[in-house]
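Presented below is the structure to which this report refers.
The values are calculated or read from the model by the stated rules, or taken from the named source; none is laboratory data. Model, not experiment: these values are computed from the prediction. Here Cβ is always computed from backbone atoms with ideal geometry, including for glycine, and neighbour counts include all displayed protein chains. Accessible surface areas use protein heavy atoms only, side chains included; no ligands, DNA or RNA. Shrake-Rupley method; radii C 1.70, N 1.55, O 1.52, S 1.80 Å.
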Amino acid sequence: MKNIIITGASRGIGYELAKLFADEGHKILALSRNEKPIAALQHKNIHTFSFDICNNRDLNKMVNYISETWEQVDILINNAGKLLNKPFSEMSAQDFEDVYKVNVFGVAEITRLVLPFMKSGSHVVTISSMGGIQGSMKFPGLAAYSSSKGAVITLSELLAEEYKESGIAFNVLALGAVQTEMLEEAFPGYQAPLTALEMANYIKGFSLTGNKIYNGKVLQVSSSTP
């Protein structure tokens, strides 16, 4: 059984992932700003607390929990994300910074803090978007979001190289359309071909075994446009 950290666990894919892993007997630290949906499950294998990926106090609380309770992390799933759908001409520097704080800087910092607790065979899985893939179809209003998702792809490639002697794998799943609250914010009224649960099942399997085959790779997980 694995010790697994999942960010963005209050809804959508992260919420379904936490349930799936926990039901299989894995130990889950489910992190999100709104911990109530996960806490309401009262699952014996899930620990949760309110967590802001941009807050140093919350990050330290996570580190303390790992060191005092687990000592080791087998899988980190960087699933938390912030979406802004706004015309580029109306965006401020603060808008860009707010998105990058969560989608890039937050991912980098939580990964940096968790890595000392990982060993050979551990797996860092970062959830990106098809919008972050060079040459993919792009959509107006998503300049900050999609460019940030491109940034974490490059970050993961770099970390895979930097830590290649450690046996820790870093991979990215660039997701296409999944029926979540975030998709509805980006594309109101669009009906995605996959549910959050269906995608969570795929991510679960990849997180457990993908590191045996891939390292420093980005997999495009999409059957549609967007």
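So what's the angle, to the nearest 10 degrees on a 0 to 90 scale, between helix 56-65 and the longest Cα principal axis of the chain?
30
In whole Å, how far is the Cα centre of the stretch 176-226 from that of the stretch 22-60?
Cα centroid of the stretch 176-226 versus Cα centroid of the stretch 22-60: 21 Å apart.
Helix-only estimate, please: 222 nm mean residue ellipticity of the chain, summing -39500 (n - 2.57) across DSSP H runs of length 4 or more and dividing by its residues, to the nearest 500.
On the way: 8 runs with 82 residues, N = 226.
-10500 deg cm²/dmol, from helical runs alone.
Net charge near Asp95, counting Lys/Arg +1 and Asp/Glu -1 over other residues with Cβ under 15 Å of its Cβ? The partial results should precede the final answer.
Numbers: positive: Lys82, Lys86, Lys101; negative: Glu90, Glu97, Asp98, Glu185.
Value of the local net charge: -1.
Pop out the carbon and sulfur fraction of the accessible area of the stretch 159-204 as a percent, whole number, probe 1.4 Å.
Values: 1190 of 2190 Å².
The nonpolar share, carbon plus sulfur, comes to 54 percent.
Taking the Cβ of Gln179 as the center, what net charge do the other residues with Cβ under 14 Å away carry, scoring Lys and Arg +1 and Asp and Glu -1?
Numbers: positive: Arg11; negative: Glu16, Glu181, Glu184, Glu185, Glu198.
With Lys, Arg at +1 and Asp, Glu at -1, the neighbours total -4.
Quick check for you: with a 1.4 Å probe and neighbouring chains kept, what is the accessible area per residue of the stretch 107-211, in Å²?
Numbers: 4460 Å² over 105 residues.
Per residue, the stretch 107-211 has an accessible area of 42 Å².
Express the accessible area of the stretch 14-61 per residue in Å², computed with a 1.4 Å probe while the remaining protein chains stay in the model. If you can, show how the numbers build up before the last one.
Working: 2480 Å² over 48 residues.
Using a 1.4 Å probe on heavy atoms only, each residue of the stretch 14-61 averages 52 Å².
Using a 1.4 Å probe over the heavy atoms of the protein chains, calculate the carbon and sulfur portion of the accessible area of the stretch 18-111 as a whole percent.
On the way: 2170 of 4750 Å².
Of the solvent-accessible surface of the stretch 18-111, carbon and sulfur hold 46 percent.
Identify, among Leu159, Gly25, Ser122, the residue whose Cα sits farthest towards the positive end of the charge dipole of the chain, taking +1 on the Cβ of Lys and Arg and -1 on the Cβ of Asp and Glu, with the dipole about the Cα centre.
Gly25
Around Gly8, with a cut-off of 10 angstrom between Cβ atoms, what is the net charge of the other residues, counting Lys and Arg +1 and Asp and Glu -1? Before the final figure, lay out the partial values.
Working: positive: Arg11, Arg33, Lys82; negative: none.
After counting each charged neighbour, the total is +3.
If I compute Cα extents along the principal axes in Å from the structure I just sent, which labelled value in [x] 48, 41, 34; [y] 59, 35, 30; [z] 149, 30, 22 lines up?
Matching entry in [x] 48, 41, 34; [y] 59, 35, 30; [z] 149, 30, 22: [x].
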